[in-house]
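The values are calculated or read from the model by the stated rules, or taken from the named source; none is laboratory data. In this text the structure is predicted, and so the values were computed from the model without any measurement. Note that each Cβ is placed from the backbone with ideal geometry, even for glycine, and that neighbours are counted across all protein chains shown.
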Amino acid sequence: MHKKLLLLVLAVLYLSYGNAQKPKTPSASQIYESLQKLNFLGSVLYVAAHPDDENTRLIAYMSNHVKARTAYLSLTRGDGGQNLIGPEIRELLGVIRTQELLAARGVDGGEQLFTRANDFGYSKHPDETLKIWNKNDVLSDVVLAIRQFKPDVIINRFDHRTPGTTHGHHTSSAMLSMEAFDLANDKSAYTDQLNQTSLWQPKRLFYNTSWWRYGSREKFDKVDKSNMIKFDIGTYYPLKGLSNNELASLASSQHLCQGFGRLSQRGTQEEYIEFLKGSPVDNNNIFSGIDTSWNRVLGGSAIGDILYAVENNFDFTNPSVHIPQLIEAYKHLQNIEDEHWKTLKSKELKAIIEMCVGLYLEVSAETNWATSNESVKLNIESINRSNIPLTLLSIKTPNGTSVSKNIELKSNIKFTFEEIIKIKENAQPTTPYWLNKKGTLGMYIVDNPEQIGLPETPRVYNMDFNVLIDNTPFTFTKPVIQRYSKPDKGELYRPFEIIPEASVKITEKVIIFDSDKSHEVSVVIKSGRHDLKGTIELCHPEDWSVSPKMHKVSIAHKGEEQTVIFNVTPPKTGSEGFIGPIIHIGDKDYNKELFEIAYEHIPFQTVLLPSESKVVRLDINKSGENIGYIQGAGDVVPESLEQIGYKVKILKLEDINTEYLSEFDAIVVGIRAYNTLDDIEFKQPQLFDYVAQGGNMIVQYSKSYGLKTANIAPYSLTLSHDRVTDENASVRFINPKHEILNSPNKITQKDFEGWTQERGLYFANAWSDKFTPILSMNDNGETAKEGSLLIAQHGKGYFIYTGLSFFREFPAGVSGAYRLFANMISLGKEDMNLEAKRND
Ligand SMILES: [Zn+2]
């Protein structure tokens with residue numbers, strides 16, 4: 001029988017990942033584990049900065065072995081990273097990573113919390129981080145998380161004592177956690193929060209250290225560990241058929257957009273936490289001095305007497321035999337005064353009661369999305385799979401209407417019915433709450449204080465089932481979902497969402513104009529309902545013009561699209577701004593684009609963001625036309641160069657020979673080409689030959705380690721970790737007379753305005769005197785870095801190395817980046833043209 005049980009557990013565990021909306025149907029061993037957790041009254045809060053910072057081994061261990069209520073507070077949602085599985089970046093990437101964190105917690109048993117801090121990209125120092133974040137607001141959110149979650153123990157992932165040695169977000173997370181530990185119980189701190197929660201003093205705070213923080217295992221062996229606690233987190237769970245570290249790997253592997261899919265591990269593994277503050281630890285027990293039994297709560301011992309007996313005598317073949325005791329404990333629980341424990345444990349116990357009677361409640365809509373005023377049919381299923389008497393007394397529909405049922409739910413007899421609901425006139429569309437308003441670089445704006453810290457927007461379309469179990473009333477709330485099937489996938493679930501009656505998008509997010517000629521811009525309108533009629537116009541900067549002024553919108557069916565074209569004309573000289581469509585339907589206006597995010601490992605997401613595109617009229621002159629591009633790790637520089645009129649050919653390494661190269665005015669090497677192209681070293685002689693004969697070779701950054709050749713340039717050049725992460729860092733011209741800053745475009749300080757995310761990375765830090773450094777820059781408090789743009793004349797041509805982040809600035813439509821790049825391509829071209837003429 002036990003073997004059967006294990007198989008069941010595994011099946012449930014694996015199935016639940018791809019189908020997060022599916023109602024849970026737990027096995028007896030899962031019910032038993034829930035009961036064990038119900039009988040442990042203690043909690044752990046793990047604190048770090050990003051999705052993937054969290055140590056899933058320790059979270060899984062605390063949640064599944066210790067049985068503590070465990071949460072991960074990630075200060076940010078990871079908007080600033082890269083996406084390895086799809087095109088979403090920035091806000092949309094943050095939405096994916098939020099869901100990946102929730103998926104990871106679904107595996108390791110933790111809960112997930114956030115603050116309003118935005119991951120704005122790499123930061124070298126917490127001083128910078130805490131300036132770009134609103135320090136007071138983020139600290140307030142950490143305090144709020146502690147006051148609401150009420151952890152006994154806090155564990156920081158990072159060390160608050162070593163600023164500057166890791167990402168500034170990391171150190172900041174630890175520093176804020178240290179401060180919040182004291183403030184959470186201070187009644188003069190963040191008093192507004194006390195309307196929605198209460199003071200709390202965590203017992204102690206630790207830092208989750210590791211041998212690799214000390215450089216090597218040997219060095220760590222010698223460290224005094226009297227202040228540390230050690231866990232063997234390799235513990236094996238027979239009820240799951242998994243080791244804790246296997247569970248942790250499964251959880252980490254949810255971070256797919258970061259490429260965290262990994263092999264699982266088994267066997268003994270050590271984990272260390274270092275005591276930082278609070279009440280000292282006894283007997284290596286992080287909960288020492290805290291009663292984690294039911295005696296912790298006034299009035300709890302009677303509840304404990306009942307529930308420990310159920311745990312000790314648990315019937316794995318028929319958990320419903322425990323219903324009378326569980327209900328008795330539930331009634332006792334309603335009488336205890338401590339609101340925190342009452343709310344928390346009532347929720348857990350109610351879920352266990354539901355599981356023990358095998359109650360299955362599902363509300364499936366016939367469609368997965370609807371708009372205001374639309375009528376939607378809901379198919380409702382309810383079934384009691386036990387011999388306990390159950391009555392479905394009534395339901396409350398998502399619109400708040402109570403419908404009396406009084407149906408006896410007989411054992412294993414399915415009861416189904418339909419309800420038709422009309423979506424309310426003023427229904428709010430489904431979208432992440434933290435993206436409702438445009439935030440700052442460092443912070444999301446959240447108007448509703450009740451939403452701060454929540455992992456996602458609470459679903460508003462729910463149905464309440466009022467059920468009598470063994471003569472005791474319970475209310476179970478279930479979200480409206482859509483259940484459907486696909487022949488090649490089987491049964492699937494999707495969240496039910498409200499979308500606006502009209503949404504709109506411009507496909508190109510940045511439109512570059514290299515002259516004053518007008519461009520056609522396509523705008524796509526999507527209808528959320530039948531018979532959509534109205535008009536659409538395109539807002540634009542004052543010195544730009546758009547025709548026609550307006551188009552008619554007329555779409556017959558829900559879900560259909562209509563495309564309209566506007567002619568956008570730039571001014572005569574350089575200018576940039578935003579264009580954005582507005583749809584007028586009756587007395588309502590719509591200006592948002594509807595993004596849909598569909599991946600198998602997370603629930604389907606819809607996100608509404610203002611539809612806008614940046615338009616840039618470049619003041620740009622160019623010499624040279626044909627560019628050969630050698631792609632490295634992948635970037636959109638070729639497309640960007642085509643947008644400003646260059647002809648770009650992507651070169652394969654095998655095509656490279658001096659004669660073929662001679663048809664190009666410049667060869668541009670993509671980012672990290674010298675890290676990713678195995679055979680590029682064999683092509684260097686031909687490339688340098690091409691330069692010697694008059695070509696320009698422009699090499700964008702490669703990482704300084706893992707280079708595929710020692711000679712990326714014809715003269716000695718050493719790459720380094722030097723980078724300037726402040727995109728507004730001042731740029732000094734070392735060589736203001738150099739052609740590259742003067743021809744054909746005169747480069748000024750203005751060309752370094754409006755840069756995004758950073759100036760650049762992996763600058764050179766040593767070079768042959770054949771190279772001329774052009775620019776000098778540095779982050780605050782650092783020495784000047786002169787290796788961001790280096791030029792060497794080699795024969796009749798030029799070799800250029802640049803760590804400047806053109807690959808980021810081009811897609812953001814930064815005009816100065818385009819003008820500087822045009823100068824790099826044009827370098828020496830005037831002379832060369834003359835020379836070519838002389839030779840004719
Ligand atoms: Zn991180």
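Below is a table of values for the structure above.
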item: Among the residues listed as D186, D141, D152, the single one being within 30 Å of W211 (Cβ to Cβ) and at pLDDT 95 or above; result: D152
item: Segment 643-660: number of residues that are touching a helix residue (DSSP H, G or I) at 6+ places or on another chain (Cβ under 7 Å) and at pLDDT 95 or above; result: 2
item: Looking only at segment 158-180, and only at residues there that are buried (at least 24 other Cβ atoms within 10 Å of the Cβ) and among the hydrophobic types (A, V, I, L, M, F, W, C), the one that is farthest from the ligand (Cβ to nearest atom); result: A180
item: Test: residue in segment 532-543 that is small (G, A, S), surrounded by 14 or more Cβ atoms within 10 Å (Cβ to Cβ) and farther than 30 Å from S623 by Cβ; result: yes
item: Criterion: modelled with pLDDT of 95 or more and in contact with a Cys (Cβ under 7 Å, 6 or more places away or on another chain) - qualifying residue of I59, I96; result: I96
item: Which numbered condition L775 misses (of (1) surrounded by 17 or more Cβ atoms within 10 Å (Cβ to Cβ); (2) in contact (Cβ under 8 Å) with a residue 60 or more places away in the chain); result: (2)
item: Where a residue in segment 37-53 is outside any loop (DSSP other than H, G, I, E, B) and its partner, wherever it lies, is basic (K, R) and within 13 Å of the ligand (Cβ to nearest atom), with Cβ under 7 Å and at least six apart; result: Y46/R157; V47/R157; A48/R157
item: Pairs, first on the phi > 0 side of the Ramachandran plot and of a type in the set (S, T, Y) in segment 213-238, second outside any loop (DSSP other than H, G, I, E, B) and surrounded by 12 or more Cβ atoms within 10 Å (Cβ to Cβ), C-beta under 6 Å, six or more apart; result: none
item: Residue match in segment 728-741 (condition: touching a Pro at 6+ places or on another chain (Cβ under 9 Å), closer than 27 Å to G781 by Cβ and touching a residue at least 24 places away in the same chain (Cβ under 8 Å)); result: yes
item: Verdict on G278 being touching a Pro at 6+ places or on another chain (Cβ under 7 Å) and either over 28 Å from I96 (Cα atoms) or touching a residue at least 40 places away in the same chain (Cβ under 8 Å) (or both); result: yes
item: Condition met for A556 (without any contact (Cβ under 8 Å) to a residue 12 or more places away in the chain and in contact with a strand residue (DSSP E or B) (Cβ under 9 Å, 6 or more places away or on another chain)); result: no
item: Residues that are farther than 18 Å from F604 by Cβ and assigned to a helix (DSSP H, G or I), drawn from segment 85-103; result: R90
item: Selection from segment 59-81 of residues that are touching a Phe, Trp or Tyr at 6+ places or on another chain (Cβ under 9 Å) and either within 16 Å of the ligand (Cβ to nearest atom) or in a loop (DSSP other than H, G, I, E, B) (or both); result: I59, V66, K67, A68, Y72, L73, S74, L75, T76, R77, D79, G80
item: Qualifying residues in segment 302-318 (those that are of a type in the set (G, A, S) and surrounded by 14 or more Cβ atoms within 10 Å (Cβ to Cβ)) - the one nearest to V44 (Cα to Cα); result: G304
item: Helices (runs of 4 or more DSSP H) contained in segment 268-356 and holding at least 2 residues within 25 Å of N384 (Cα to Cα) and of a type in the set (S, T, N, Q); result: 323-334
item: Residue ranges of strands (runs of 3 or more DSSP E) in segment 380-492 with at least 3 members over 31 Å from the mean Cα position of the chain (by Cα); result: 390-396, 402-409, 415-422, 462-469, 472-479
item: Residues (surrounded by fewer than 20 Cβ atoms within 10 Å (Cβ to Cβ) and outside any loop (DSSP other than H, G, I, E, B)) located in segment 621-637; result: N626
item: Subset of segment 810-831 [charged (D, E, K, R) and modelled with pLDDT under 95]; result: K829, E830, D831
item: Number of positions in segment 453-493 that are basic (K, R), without any contact (Cβ under 8 Å) to a residue 40 or more places away in the chain and touching a Pro at 6+ places or on another chain (Cβ under 9 Å); result: 1
item: Leading residue by the ranking (surrounded by the most Cβ atoms within 10 Å (Cβ to Cβ)) among those in segment 144-157 that are more than 16 Å from the ligand (Cβ to nearest atom) and charged (D, E, K, R); result: D152
item: Residue match in segment 194-216 (condition: buried (at least 19 other Cβ atoms within 10 Å of the Cβ), within 16 Å of the ligand (Cβ to nearest atom), closer than 22 Å to N118 by Cα and within 25 Å of the chain's Cα centre (by Cα)); result: no
item: Residue match in segment 125-137 (condition: within 14 Å of the ligand (Cβ to nearest atom), outside any helix (DSSP H, G or I) and not small (G, A, S)); result: no
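Results for (1) closer than 25 Å to N426 by Cα; (2) touching a Lys or Arg at 6+ places or on another chain (Cβ under 7 Å), shown as yes or no for each residue.
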residue	(1), (2)
I506	no, no
I536	yes, no
C539	no, no
I555	yes, no
K558	yes, yes
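Rundown of residues vs (1) away from the ligand (no atom under 15 Å from the Cβ); (2) in a loop (DSSP other than H, G, I, E, B); (3) over 18 Å from S177 (Cβ atoms); (4) touching a Phe, Trp or Tyr at 6+ places or on another chain (Cβ under 8 Å), yes/no style:
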residue: T25; (1), (2), (3), (4): yes, yes, yes, yes
residue: L35; (1), (2), (3), (4): yes, no, yes, yes
residue: R57; (1), (2), (3), (4): yes, no, yes, no
residue: N83; (1), (2), (3), (4): yes, yes, yes, no
residue: G121; (1), (2), (3), (4): no, yes, yes, no
